[in-house]
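Here is the structure we will look at.
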Amino acid sequence: MAAKHHILLLGGTGICGLLFAQAALHDGHTLTLYARTPSKVPAAMAANPNLHIIKGDLGDAEGLKAAAACGADTFVSVAGPTLGKRGGTPITNALKILYPLLLANGTTKRVMVLSTASYSAPQDTASLKWFVAIQCYIKVIGGDTYEEISGFTKETVALGSAIEWTVFRVPLLKGEELGAGGEVNTAWVGDKRGKDGLHLDRGRLVRWVLKEMDEKKWVGLCPLLSNA
Ligand SMILES: *[C@@H]1O[C@H](CO)[C@@H](O)[C@H](O)[C@H]1NC(C)=O
């Protein structure tokens, strides 16, 4: 039986976040959502005694302080570009406040953060497919998104050996259900075997994160995930 965790979740009211919360609660973990709009959590989920919600904005230092003291052993962020649409780099700014608090408290031992391939890992190699995809992402999403993604990813990578962190980079996400499962490729951009795919089901993503939380195969690394 896998260990039960207390997970602090950022981005928990987005599509990915709600799926992650559903799967984590199903697996028996305790969850604290840090959310600006708790009413986005479905009533049935909010009624789960293992779910706690701290209401707060990404720019709210007091709220982030409360989040850092919630007792979670694991921090997961699935906060993504859609949040960045509000302009500026709110996620990056929030993590700049949150990480020192988590390190100072010492209860949190594991950090897992969603990013995209617009952040290059040192192991990546040139890929026309990905060059085009990244240009499209940024043009479609626009604005401060690129700066935001690289900003919060760099903050995470900068944790170095202070904590066991993993950045999981995702391609285009599909599906809004946990689904039947399926394998996930874990690769670098430019993978010679073509395992650097452009699509990933959210259900597979969520299960991968829950598994990697304990397996710790990718500590200190930024793998790219895709449907196998
Ligand atoms: C650290 O976290 C614990 C919960 O694990 C909490 O009780 C405590 O108040 C926190 N300490 C500080 C200084 O925030």
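Data overview
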item	result
Within a Gaussian network of the chain (alpha carbon springs, distance under 10 Å), most fluctuating of Ala121, Ala35, Ala162	Ala162
Check: the chain dipole with +1 on Lys, Arg Cβ and -1 on Asp, Glu Cβ, in debye	200
Net charge contributed by nearby residues that have their C-beta within less than 9 Å of Leu19 (K/R +1, D/E -1)	-1
Kirkwood-based shape ratio for the stretch 121-215, expressed as Rg/Rh from alpha carbons	0.96
With 5 Å bins from 0: P(r) over the stretch 6-223, alpha-carbon pairs, percent	1, 7, 16, 20, 22, 18, 11, 5, 1, 0
Within-14-Å neighbourhood charge of Ala126 [Cβ basis; K, R +1; D, E -1]	-1
Taking the stretch 6-223 and dividing mean pair separation by its residue count, relative contact order in percent (alpha carbons under 8 Å, at least six apart)	20
Cross-link pairs beyond the 22 Å C-alpha cut-off, checked among Lys174/Lys211; Lys4/Lys96; Lys174/Lys195; Lys129/Lys211	Lys4/Lys96; Lys129/Lys211
Carbon/sulfur fraction of accessible area - the chain, other protein chains in place, 1.4 Å, %	57
Summed residue charge, Cβ within 12 Å of Met213's Cβ, Lys/Arg positive, Asp/Glu negative	+1
With DNA, RNA and ligands ignored, accessible area of Cys136 (1.4 Å probe; Å², nearest 10)	70
Length added when fully stretched, Asp57-Lys192, from 0.36 nm per residue minus Cα-Cα	44.4 nm
Calculated [θ] (222 nm, deg cm²/dmol) that DSSP helices of n ≥ 4 give over the chain, each run adding -39,500 (n - 2.57)	-11000 deg cm²/dmol
Per residue solvent-accessible surface (Å²) - the stretch 83-210, probe of 1.4 Å	48
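The values are calculated or read from the model by the stated rules, or taken from the named source; none is laboratory data. Fair warning: this is a prediction, and the values are worked out from it, not measured in the lab. So basically every Cβ, Gly included, is an ideal-geometry build from the backbone, and we count neighbours across all protein chains shown. Please note that ligands, DNA and RNA were not included when accessible areas were found on the heavy atoms of the full protein model with its side chains. Shrake-Rupley method; radii C 1.70, N 1.55, O 1.52, S 1.80 Å.
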